[in-house]
Amino acid sequence: MKEFNIAEFRKSKGLKQKDFATLIGIAQPYLSEIESGKRPVSKDVYNKVKATYPNDDFTEFLLLVPKNESPITFNEAVNNFKEEQYLSIIESQQRTIESLSKTIETLSKR
């Protein structure tokens, strides 16, 4: 396994720090500190990246976390995150189905 490099990941998506930080829901200065090595990639930041990019495979990376947290691999984090991810997708699809049903009902009354 290799260490996760959030700067390389961001650049691979073609995003500037500010845009990537906004996308994953953290402040740009915080992202800058992570990328410069002043702060580690926390479990929370990893989960935000994974939630934003659910189709990316992070299993080859090792998540380095602060000393006060237990080390966790990306594979372990992915396995822990899947249930929440699937529930979110299901809820989104349910809202879409409800919206389409209302549209069909409205059109059929015409």
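The table below lists the values:
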read-out: For segment 96-110, Karplus couplings with θ = phi - 60° (6.51, -1.76, 1.60), whole Hz, Gly/Pro x; value: 5, 4, 4, 5, 5, 4, 5, 5, 5, 5, 5, 5, 6, 7, 6
read-out: 3J(HN,Hα) from dihedral phi, segment 42-56, Karplus parametrisation 6.51/-1.76/1.60, rounded to Hz, x for glycine, proline; value: 7, 4, 4, 5, 4, 4, 5, 5, 5, 5, 6, 10, x, 8, 7
read-out: Loop sites in segment 15-53: trypsin sites (Lys or Arg not before Pro), DSSP, at most 15 other Cβ within 10 Å; value: LYS16, LYS38
read-out: Amide proton proximity set for ILE26, modelled H, under 5 Å, gap of 5+; value: none
read-out: Karplus (6.51, -1.76, 1.60) ³J(HN,Hα), θ = phi - 60°, over segment 12-22, in Hz, Gly and Pro reported as x; value: 5, 8, x, 10, 7, 3, 4, 5, 5, 4, 4
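Only the coordinates and a few stated rules stand behind these numbers; no lab work does. All values reported here derive from a predicted model rather than from experimental measurement. We place every Cβ from the backbone using ideal geometry, glycine too, and count neighbours over all the protein chains shown.
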